[in-house]
Amino acid sequence: MLRKLFFSLVLLQFLVQQAFSQVSVKDSSIVVPMFYATYSYQMPQGGLAKRFGGNSTIGGGFMIKTRSNWLFAAEGNYIFGNNVKNSDSLLKNIATPDGYVIDANGLYSDIGFGESGFNIIGKFGKLFPVLSPNPNSGPVIMAGVGFMQDKIRVHDGSGDTPQIDGDYNKGYDRLNNGWVASWTLGYLFLSDSRLINFFVGFEFIQAWTKYRRALNFDTGQQDKSSLSTQFYGIKVKWMIPLYKRKPKDFYLY
């Protein structure tokens, strides 16, 4: 294991050193390590669509493009949204007949609901330098596998509602996690000026998750059911390449 890790680090260092040499994106295909920030908007189908509407993700990652235009990447994303379906029924056992929860001061609590989670995905793919201004840009196909966790965020705006604070909050959040697979189709553009570098495309994620809490307080039962959920979304990335741009030649006569 240590030997494999050592050789992996050596290979990564070699690729980065090669990329930091002075190169020109427009002349030939080159090795390009790059960090990136990413945003996507997703619509769920299947298991979690019964609980959530559309959500957003924001995150970042690191990608290496080889000279032969293979792509290897790892990224992490924070999942968030405000569209929680049937949220009123979650607190029915601790609410008044009118649907209000009373806080410790005898006042109506200001309780909000949202979606919160994350995913971590390793990806690989291929860039095809067609319909592009240079050999390092073009249509991209990528696939990946990773881990995802998702839950209902029950927020106590008043900050003084012990019925949903601390460990009690876990009885309502429907925490679930499990494996994901992703497929991405899009377009990667790397400019020779290094000022404009981006990716835009369509992303499909298949998630297989299970509920993990010991007890749901609203039903008084444990739920260990499995969920199969599909997410369809538009994904954009702002790329930060690490290579040095080759200077222009100047001649004096």
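Projection of the Cα convex hull of region 31-84, averaged over all directions and equal to a quarter of that hull's surface, yields 4.5 nm². Between 0 and 90 degrees, rounded to the nearest ten: what's the tilt of helix 2-20 against the longest Cα principal axis of the chain? Rounded to the nearest ten degrees, it is 60. Across the cross-link table entries Lys151/Lys237; Lys26/Lys237; Lys85/Lys126, which are compared at the Cα atoms, the separations over 31 Å belong to Lys85/Lys126.
How long is the gain from Thr96 to Ile141 if the chain were fully straight, where each residue apart is worth 0.36 nm and the alpha carbon distance is subtracted? Length difference between fully extended and current span is 10.9 nm. Computed from the C-alpha gyration tensor, the three semi-axes of the ellipsoid equivalent to region 80-125 are 35, 12, 8 Å, from longest to shortest. Spacing of the modelled spin labels on Tyr39 and Ser158, each 7 Å from Cα toward Cβ, amounts to 3.5 nm.
Estimated from helical segments only, the mean residue ellipticity of the chain at 222 nm is -2500 deg cm²/dmol, where each DSSP H run of four or more residues counts as -39500 (n - 2.57). Both radii come from the Cα set of the chain: Rg as radius of gyration, Rh as Kirkwood radius; their ratio Rg/Rh reads 1.13.
Using alpha carbon centroids, what distance separates region 86-132 and region 173-218, in Å? First find each Cα centre; the distance between them is then 17 Å. Surface composition of the chain: carbon plus sulfur atoms contribute 62% of the solvent-accessible area (1.4 Å probe, protein chains only, all chains present). Rounded, prolate or oblate for region 188-235? Axes are the square roots of the Cα gyration tensor eigenvalues, ordered a ≥ b ≥ c, and the cut-off for rounded is a/c under 1.5. It is prolate, given that a/c is not under 1.5 and a/b is the larger ratio. Each label was represented as a point 7 Å from its Cα along the Cα-to-Cβ direction; for Trp208 and Ala74 these points are 2.3 nm apart.
Subtracting the Cα-Cα distance of Ile196 and Ser87 from their residue separation scaled by 0.36 nm leaves 35.0 nm. Both the radius of gyration and Dmax for region 98-201 are 22.7, 67 Å, in that order, over alpha-carbon atoms. Between Phe128 and Tyr232, the contour length at 0.36 nm per residue exceeds the alpha carbon distance by 35.1 nm. These residues, Ile120, Ile30, go from largest to smallest accessible area, 1.4 Å probe, as Ile120, Ile30.
Surface analysis of the chain yields an accessible area of 55 Å² per residue, using protein heavy atoms and a 1.4 Å probe.
The values are calculated or read from the model by the stated rules, or taken from the named source; none is laboratory data. All of these numbers come straight from a predicted model, not from anything done at the bench. Heads up, the Cβs are rebuilt from the backbone with ideal geometry, glycines too, and the neighbour counts pull from every protein chain shown. Quick note on the areas: whole protein, heavy atoms, side chains included, nothing else; ligands and nucleic acids left out. Shrake-Rupley method; radii C 1.70, N 1.55, O 1.52, S 1.80 Å.
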